[in-house]
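Chemist: Provided herewith is a single structure, encoded as structure tokens, for subsequent inquiry.
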Amino acid sequence: MATSTTVNGGVSFWYSAIGLPEARPALEGSVEVDVAVVGGGYTGLWTAYYLKQAEPSLRVAVLEQRFCGYGASGRNGGWLYNGFAGRSVFAKRYGKARAIAMQQAMNGAVDEVLHVCATEDIEADQVKGGVLEVARTPAQVERLDAFVAGEHSYGEKDVQRLTAAEAAERIGVDGALGASWTPHGARIQPAKLVLGLAAAAERLGVKIYEQTTVTEIHPAQGAAPARAVTTHGTVSATFVLRCTEGFTANLQGEKRSWLPMNSSMIVTAPLPASFWDAVGWDGRETLGDFAHAYMYAQRTADDRIALGGRGVPYRFGSRTDNDGSTQAKTIAQLTEILTAFFPAARGVAIDQAWSGVLGVPRDWCSTVAVDPATGLGWAGGYVGSGVTTTNLAARTLRDLVLGQHTELTALPWVDHKVRKWEPEPFRWIGVHGMYAAYHFADAQERGGRAHTSPVAKVADVISGRH
């Protein structure tokens, strides 16, 4: 339970566990490089890492407004898994074969991240236990069955449909009626991964400037190169890559490009051996469910449960939080989910709560692009599935910057065009209305509705999620 000693914010528990890093020096005056990467999260750091690995002579600079991993990369739920935003849309628009190719690339990206961790000696509490997603109402079971059938139709034959008993053998979730499990997932400690990745990039010669806010990005014009204008000087480059995800709206002219959606988390105090003896979770699977306002969780390396969900989904005017602080209402909602799933956790202290923002495009599809004519590129819009997707995005950006035509540059999210979000107040009204509908639909289904609530179906259509 939340108490007066519950830490609210502090960026995230992941940083509280290891200590906030000392920020690197800021940019000092204007410089010229080959590639300027805006944003020191997973996307930016992976991109810089792979570019220097492929072309050691490249001058690559990362520009970060606070410190590497200050945003979602240091606050997420630690789900290194193969889900990505937009598969069904890509299948409809570009053909199912290309969507399947991207799914296979995502499967490989899970193992690629683990491979780099091993190669670069990054210890991020990683355990490849797969992903378990449970259904706790008849309507969720209906969606579970549809999900498994859909995964199989995309060639994901190793996705298993588990009975209630089989699910309980993995994790003893109260009231679980069934589950799906895929091996393509691992638990990680997000902050450890991002700090290890930053160090690996620096060893290759990447220059990282922290405490350096980029305010504007300008395309190349005539003989003038692309530019990233910062509070400490201008960085001119052959390519400027926008890797800002949920903070994209802070850049000039990008207010309506990607909506910064809030996601919040809580973490318990360490739980006793008796709890784990009853619940299991020995495989350290990441845990999710089939609710409309879904949850996500992991068993941490020090035997806590870290659990997240949407909470208050969006701040008016695309504002972001203050160092991860979240609302008391959200902490109470997440604690209620925790005790519903694990009644034995009732009364356990909630040691910390925090929040972060993730980037949501208007069609809920992630994108990657580089325009050689303007020297501008970007990747993001991961809709909460960024831990693995960032790695695939970075390797794709690498190939696009180097002008290489590869299997990655042929994937359907490359150059995918998305319209902008509506202006305020319509954006705020729409997002809050959508999640109010999802919470209402979940309550209906918990009350005994056997099939998916029509309220949720209408919300899906209006939001553009499907």
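The values are calculated or read from the model by the stated rules, or taken from the named source; none is laboratory data. For clarity, every value in this text was computed on a predicted model and none was experimentally measured. Glycine gets a Cβ as well: all are built from the backbone with ideal geometry, and neighbour counts include every protein chain shown. Accessible surface is based on the protein model in full, side chains and every heavy atom, while ligands, DNA and RNA are left aside. Shrake-Rupley method; radii C 1.70, N 1.55, O 1.52, S 1.80 Å.
Chemist: At 1.4 Å probe size, with every protein chain present, just tell me what the per residue accessible area of the chain comes to in Å².
Modeler: Per residue, the chain has 38 Å² of solvent-accessible surface.
Chemist: Using the membrane-span-like helix rule (whole DSSP H runs, Cα extent along the own axis of at least 24 Å, mean Kyte-Doolittle hydropathy at least -0.5), which helices of the chain qualify?
Modeler: 96-119, 426-446
Chemist: Going Cα to Cα from Lys92, which aspartates and glutamates come in below 14 Å? Please leave out same-chain ones fewer than 8 positions away.
Modeler: Asp363
Chemist: Another question, if that's okay. Roughly how many nanometres apart are two label points built 7 Å out from the Cα toward the Cβ at Ala273 and Leu20?
Modeler: Result for the modelled spin labels: 3.7 nm.
Chemist: Related question: Relative contact order for region 290-394: what percent, with Cα pairs under 8 Å and sequence separation of 6 or more?
Modeler: It rounds to 17 percent for region 290-394.
Chemist: Right, something else. Would you report the distance distribution of C-alpha pairs in the chain as whole percents per 10 angstrom bin, up to the bin with the largest distance?
Modeler: Values per bin, smallest distances first: 4, 21, 33, 27, 12, 3, 0.
Chemist: Using a 1.4 Å probe on the protein chains only, how many percent of the accessible area of region 355-414 belongs to carbon and sulfur?
Modeler: 55
Chemist: Could you tell me which of rounded, prolate or oblate describes region 224-308, using a ≥ b ≥ c as the square roots of the eigenvalues of the alpha-carbon gyration tensor, with rounded for a/c under 1.5 and, failing that, prolate when a/b is larger than b/c and oblate otherwise?
Modeler: Since a/c reaches 1.5 and a/b is larger than b/c, the shape of region 224-308 is classed as prolate.
Chemist: A further question follows. Need one number: nm distance between label points at Asp158 and Ala349, each 7 Å from Cα along Cα→Cβ, rounded to one decimal.
Modeler: 4.1
Chemist: Run the Debye formula on the Cα coordinates of region 48-123, all scatterers equal and no solvent, and tell me log10 I(q)/I(0) at q = 0.22, 0.24, 0.25 1/Å.
Modeler: Debye output, listed in q order: -1.13, -1.13, -1.14.
Chemist: Follow-up. From the protein chains alone at 1.4 Å, what is the descending order of accessible area for Thr388, Thr452, largest first?
Modeler: The residues order as Thr452, Thr388, largest area first.
Chemist: Let me ask something else. Nearest 0.05, what FRET efficiency do Ala328 and Asp34 give at R0 = 51 Å with Cβ-Cβ as r?
Modeler: 0.60
Chemist: For the chain, build the charge dipole from Cβ charges (+1 Lys, Arg; -1 Asp, Glu) around the Cα centre, then report which of Ala198, Ile217, Ala353 sits farthest towards its positive end.
Modeler: Ile217
Chemist: Oh, and also: Placing unit charges on C-beta atoms (Lys and Arg positive, Asp and Glu negative, everything else neutral), compute the dipole magnitude of the chain about its Cα centre in debye, rounded to 20.
Modeler: 1200
Chemist: Grab the Cα-Cα distance for Asp302 and Glu55, subtract it from 0.36 nm times how many residues apart they are, and report the gain in nm with one decimal.
Modeler: The Asp302-Glu55 span can extend by a further 85.0 nm.
Chemist: Carbon and sulfur: what percent of region 101-247's accessible surface (1.4 Å probe)?
Modeler: 52
Chemist: So for region 80-133, averaging the separation of alpha carbon pairs under 8 Å that are six or more residues apart and normalising by length, what relative contact order in percent results?
Modeler: Relative contact order for region 80-133 comes out at 35 percent.
Chemist: Which of the peptides 356-366, 43-53, 415-425, 300-310 is most tightly packed, and how do the rest follow, going by the mean number of other Cβ atoms within 10 Å of each residue?
Modeler: So the peptides 356-366, 43-53, 415-425, 300-310, ranked by packing, come out 43-53, 356-366, 300-310, 415-425.
Chemist: Among Leu241, Trp281, Ala91, which residue has its Cα furthest toward the positive end of the charge dipole of the chain, with +1 on Lys/Arg Cβ and -1 on Asp/Glu Cβ?
Modeler: The Cα lying farthest towards the positive end belongs to Ala91.
Chemist: Students often forget the sequence filter, so: which lysines lie under 20 Å Cα-Cα from Lys128 once same-chain residues fewer than 8 apart are removed?
Modeler: Lys157, Lys192
Chemist: Under 21 Å from the Cα of Lys52, which lysines turn up, not counting those fewer than eight places away in the same chain?
Modeler: Within reach: Lys207.
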